[in-house]
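Down below is the structure, laid out as structure tokens.
The values are calculated or read from the model by the stated rules, or taken from the named source; none is laboratory data. Please read all numbers here as calculations on a predicted model, not as lab measurements. In this analysis, Cβ positions are derived from the backbone assuming ideal geometry, glycine residues included, and neighbour counts consider all displayed protein chains. Protein only, heavy atoms only, side chains kept; ligands, DNA and RNA dropped before computing areas. Shrake-Rupley method; radii C 1.70, N 1.55, O 1.52, S 1.80 Å.
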Amino acid sequence: MRKKIIAANWKMNMTIAEAASFLEDFLLELGGEDHADVVIVPSFIAIPKVSELLNSVPGVKLGAQNMHWESSGAFTGEVSAPMLRELFVRYVVLGHSERRQYFGETDEIVNRKTKAALAASLTPIVCVGETLAQRESGQVEMVLEQQLRGSLADLNKAQLEDLVLAYEPVWAIGTGHTATPAQAQEAHAFILSVLTKLSSAATANKIRIQYGGSVKPGNTAELMAQPDIDGALVGGASLEARAFAEIVRNAVKQLP
Ligand code: PGA
């Protein structure tokens with residue numbers, strides 16, 4: 001079985017001081033028991049501090065919210081994979097719907113970034129997901145397949161096995177309207193079928209697929225109990241240490 005992976009996408013929240021205080025509380029709350037893999041994804045500014053604080057914490061890794069596809073150069077305002085690597089960042093979220101919606105990121109851009117991340121030994125968390133209008137007009141599968149084929153173009157099996165995917169229906173992000181476990185499972189099973197077409201069943205079965213969109217302590221266990229949901233990308237509820245620790249614990253809880 002694929003080990004669950006829960007990521008805290010802090011988005012444009014948390015100063016350095018707030019991040020430090022969060023981690024102190026979160027690590028205490030979490031305790032030493034066996035839990036899902038955890039990734040903390042702060043703003044670029046808070047990465048050095050979070051890196052320092054997670055230095056000796058096994059099982060809690062560091063991620064970034066974005067990166068450029070080139071390793072250096074005249075790209076004002078951008079951050080590259082080697083810069084992230086220098087701070088012991090292990091994961092990078094790519095193609096989040098907010099990047100696609102507000103910053104014009106296309107599947108082609110996400111594909112370039114994904115290749116650059118893999119080349120730098122960073123694990124990409126590649127996000128896909130449909131809008132409400134697309135769901136209501138019956139286009140979920142078409143949109144997901146197009147995003148997957150574009151974002152993962154030209155990746156070989158070994159590269160595909162090294163990444164994490166996140167299914168994030170745009171209508172569920174930050175809205176409080178979580179996809180039902182059945183809706184999420186249906187989309188995850190479809191994503192798995194596309195990954196199988198792009199590679200093989202053996203490769204697709206190694207790729208973890210997170211669900212994201214209004215994940216909370218109260219809905220985590222049921223979502224994570226679905227056969228093809230391997231973790232969560234958590235926004236709002238990851239800003240509160242106790243709630244996020246509960247989500248991490250609930251992710252591996254057996255339902256009665
Ligand atoms: P949310 O955000 O948990 O606040 O809905 C999820 C995400 O955008 O990754």
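Computed values, structure above
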read-out: Residue satisfying condition, being aliphatic (A, V, I, L, M) and surrounded by fewer than 19 Cβ atoms within 10 Å (Cβ to Cβ), within set Leu165, Leu198; value: Leu198
read-out: Extreme residue, nearest to the ligand (Cβ to nearest atom), among residues of the stretch 173-185 that are in contact with a Ser or Thr (Cβ under 7 Å, 6 or more places away or on another chain) and open to solvent by less than 60 Å² (accessible area, probe 1.4 Å); value: Ile173
read-out: Which numbered condition Glu222 fails, given (1) open to solvent by less than 10 Å² (accessible area, probe 1.4 Å); (2) under 16 Å from His188 (Cα atoms); (3) assigned to a helix (DSSP H, G or I); value: (1)
read-out: Set Glu33, Glu29: member being closer than 22 Å to Gln254 by Cα, in contact with a Lys or Arg (Cβ under 6 Å, 6 or more places away or on another chain) and away from the ligand (no atom under 16 Å from the Cβ); value: Glu29
read-out: Boolean, Gly104 is open to solvent by less than 70 Å² (accessible area, probe 1.4 Å), without any contact (Cβ under 8 Å) to a residue 12 or more places away in the chain and more than 30 Å from Ala221 (Cβ to Cβ); value: yes
read-out: Test: residue in the stretch 244-251 that is within 12 Å of the ligand (Cβ to nearest atom) and assigned to a helix (DSSP H, G or I); value: yes
read-out: Qualifying positions in the stretch 193-236 - away from the ligand (no atom under 16 Å from the Cβ), of a type outside the set (A, V, I, L, M, F, W, C) and more than 17 Å from the chain's Cα centre (by Cα); value: Ser193, Thr196, Lys197, Ser199, Ser200, Thr203, Asn205, Gln226, Pro227
read-out: Pair list, Cβ < 7 Å and 6+ apart or interchain, from the stretch 211-229 residues that are under 17 Å from Arg249 (Cβ atoms) and free of Cβ contacts under 8 Å to residues at least 60 places away in the same chain to residues that are within 13 Å of the ligand (Cβ to nearest atom) and open to solvent by 30 Å² or more (accessible area, probe 1.4 Å); value: Val215/Thr178; Asn219/Thr178
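For (1) within 16 Å of the ligand (Cβ to nearest atom); (2) among the aliphatic types (A, V, I, L, M); (3) open to solvent by 10 Å² or more (accessible area, probe 1.4 Å); (4) touching a helix residue (DSSP H, G or I) at 6+ places or on another chain (Cβ under 7 Å), each residue gets a yes or a no:
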position: Arg99; (1), (2), (3), (4): yes, no, yes, no
position: Ala120; (1), (2), (3), (4): no, yes, yes, yes
position: Thr131; (1), (2), (3), (4): yes, no, yes, yes
position: Ala158; (1), (2), (3), (4): no, yes, yes, no
position: Trp171; (1), (2), (3), (4): yes, no, yes, yes
position: Ala187; (1), (2), (3), (4): yes, yes, no, yes
